[in-house]
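Below is one structure; the comments refer to it alone.
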Amino acid sequence: MPELPEVQTVRATLLPIILDARVESVDIHRPDIITGDSSPAALLVGQTITDTARRGKQLALIGSGGSVLIVQLGMTGHFYIPSSSTDLALPHVHIVWTLRTTNRKSVSLLFRDPRRFGELTTLANPAALDARWSSLGPDGLEITGDHLHSTLRHSARPIKAALLDQAVVAGVGNIYADEALFASHIRPGRRCTRIRPAEYHTLADAIRTILAQAISRHGSSIRDYRDGSGQPGTNQNHLLVYGRGGLPCLSCSTMLKSRPIAQRTTVWCPSCQS
């Protein structure tokens, strides 16, 4: 599932093209993926895209008329400008916008999602966006050890399960939770109550660093993820534990272990993590 680095990369690769572009039309092939008002106006038709925003795994486009469109990629969602018009005929293209860019070029913006776990949400104004995002925890790029400690010190959950909770930290999913826990030498099954304050600071530092590194590599293309121009990322080539259960640890050569935590496959090193 795309996490914070992938969504940030989509935002960054789309921004030079869609910022200040006028939305001329929209073709809706699957209205059931839209939550809220599904009218063309709510989907930004007739408006200029004046800004974008991101919190965790959610991307928002803000129109000149005040409308807000939230894009959630889910597991297999793609939100991109195709390099060829043949992409318009691909299966599972659910929404197609036609934009007029600042240099008067007409481009298509597609939302494609084979498994349909992603969704679009329309909001009336930025204040509604603020209200929606108030239920999320701090963005992963801004997380602090003090916040993790104060939020989780009385929780009996495994730390891996807590990191997947978007109300604790927004943007961290299975990939980067495993990687951050490995980098901070914390076993993912440890109860939050058993983690020391200093370890929470180490963990927060690891989360911020690993997310930033993944952004610099345009995200992790494990299966479906592509950026806003349809290109894969390269961070998957640098993952140390995620997806490597049963293989030797790249730090100590101990066999990596794997088991489900919070219904997600979790990988760790029994020697490097405690």
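The values are calculated or read from the model by the stated rules, or taken from the named source; none is laboratory data. Source: prediction; values computed, not measured. Here the Cβ positions follow ideal geometry from the backbone for every residue, glycine too, while neighbour counts run over all protein chains shown.
Restricting to region 200-239, count the residues that are surrounded by 16 or more Cβ atoms within 10 Å (Cβ to Cβ) and over 30 Å from R112 (Cα atoms).
Count: 7.
Among the residues in region 255-263, are any touching a Lys or Arg at 6+ places or on another chain (Cβ under 9 Å), at positive phi and not aliphatic (A, V, I, L, M)?
Scanning region 255-263 turns up no residue that is touching a Lys or Arg at 6+ places or on another chain (Cβ under 9 Å), at positive phi and not aliphatic (A, V, I, L, M).
Does region 91-112 hold any residues that are within 16 Å of H29 (Cβ to Cβ) and either modelled with pLDDT under 95 or in contact with a strand residue (DSSP E or B) (Cβ under 6 Å, 6 or more places away or on another chain) (or both), and which are they? Step through it out loud before you land on a result.
To start, the set of residues in region 91-112 that are within 16 Å of H29 (Cβ to Cβ) comprises 91-98, 108-112.
If the condition is that a residue be within 16 Å of H29 (Cβ to Cβ) and either modelled with pLDDT under 95 or in contact with a strand residue (DSSP E or B) (Cβ under 6 Å, 6 or more places away or on another chain) (or both), then H92, V93, H94, I95, V96, W97, T98, S108, L109, L110, F111, R112 are the ones that fit.
Filter region 75-89 down to the residues that are surrounded by fewer than 17 Cβ atoms within 10 Å (Cβ to Cβ) and farther than 17 Å from V7 by Cα and list them by number. I'd like the intermediate steps shown before the answer.
Narrowing region 75-89 to residues surrounded by fewer than 17 Cβ atoms within 10 Å (Cβ to Cβ): 75, 83-86, 88-89.
Result: S83, S84, S85, T86, L88, A89.
Being in the same structural domain as G77 (by TED's automatic domain parsing) and among the hydroxyl-bearing types (S, T, Y) is the requirement here; does T121 meet it?
yes
Can you spot a residue in region 238-258 that is farther than 14 Å from R190 by Cα and assigned to a helix (DSSP H, G or I)?
There is at least one residue in region 238-258 that is farther than 14 Å from R190 by Cα and assigned to a helix (DSSP H, G or I).
Restricting to region 16-29, what's the tally of residues that are farther than 18 Å from S67 by Cα and either modelled with pLDDT under 95 or under 22 Å from the mean Cα position of the chain (by Cα) (or both)?
2
Starting from residues that are in a strand (DSSP E or B) and of a type in the set (D, E, K, R), keep the ones in region 16-74 and report whichever is surrounded by the most Cβ atoms within 10 Å (Cβ to Cβ).
That would be R55.
Mind listing whichever residues of region 183-231 are closer than 25 Å to S274 by Cβ and assigned to a loop (DSSP other than H, G, I, E, B)?
Residues satisfying the conditions are S184, H185, I186, R187, P188, G189, R190, I195, R196.
Which residues, counting only those in region 181-199, are surrounded by 23 or more Cβ atoms within 10 Å (Cβ to Cβ) and either among the polar types (S, T, N, Q) or closer than 16 Å to R157 by Cβ (or both)?
If the condition is that a residue be surrounded by 23 or more Cβ atoms within 10 Å (Cβ to Cβ) and either among the polar types (S, T, N, Q) or closer than 16 Å to R157 by Cβ (or both), then L181, I186, P188 are the ones that fit.
Scan region 90-107 for residues that are under 16 Å from G228 (Cβ atoms), surrounded by fewer than 18 Cβ atoms within 10 Å (Cβ to Cβ) and touching an Asp or Glu at 6+ places or on another chain (Cβ under 9 Å) and jot them down.
Hit for region 90-107 is T101, nothing else.
Consider only pairs whose beta carbons are under 9 Å apart and that are at least six residues apart or on different chains; among these, list those whose first residue lies in region 1-24 and is polar (S, T, N, Q) and whose second residue is assigned to a helix (DSSP H, G or I).
As it stands, the answer is Q8/L141; Q8/L211; Q8/A214; Q8/I215; T9/A214; T9/I215, since those pairs meet every condition given.
Under 6 Å between Cβ atoms, at least 6 apart or on separate chains: pull out the pairs that start in region 94-111 with a residue that is of a type in the set (F, W, Y) and end on any residue that is not in a loop (DSSP other than H, G, I, E, B).
W97/V23; W97/V26; W97/L109; F111/F79; F111/H94; F111/I95
Would you pick out the residues in region 167-176 that are of a type in the set (A, V, I, L, M) and surrounded by 20 or more Cβ atoms within 10 Å (Cβ to Cβ)?
V168, V169, A170, V172, I175 - these are the residues of region 167-176 that are of a type in the set (A, V, I, L, M) and surrounded by 20 or more Cβ atoms within 10 Å (Cβ to Cβ).
Residue-by-condition table, conditions (1) of a type in the set (A, V, I, L, M, F, W, C); (2) in the same structural domain as N237 (by TED's automatic domain parsing); (3) under 21 Å from Q72 (Cβ atoms):
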| residue | (1), (2), (3) |
| --- | --- |
| D146 | no, yes, no |
| R153 | no, yes, no |
| A162 | yes, yes, no |
| G173 | no, yes, yes |
| A177 | yes, yes, yes |
| L181 | yes, yes, no |
| H185 | no, yes, no |
| C192 | yes, yes, no |
| A198 | yes, yes, no |
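Looking at region 112-166 only, could you name the residues that are surrounded by 14 or more Cβ atoms within 10 Å (Cβ to Cβ), among the acidic types (D, E) and without any contact (Cβ under 8 Å) to a residue 40 or more places away in the chain?
D165
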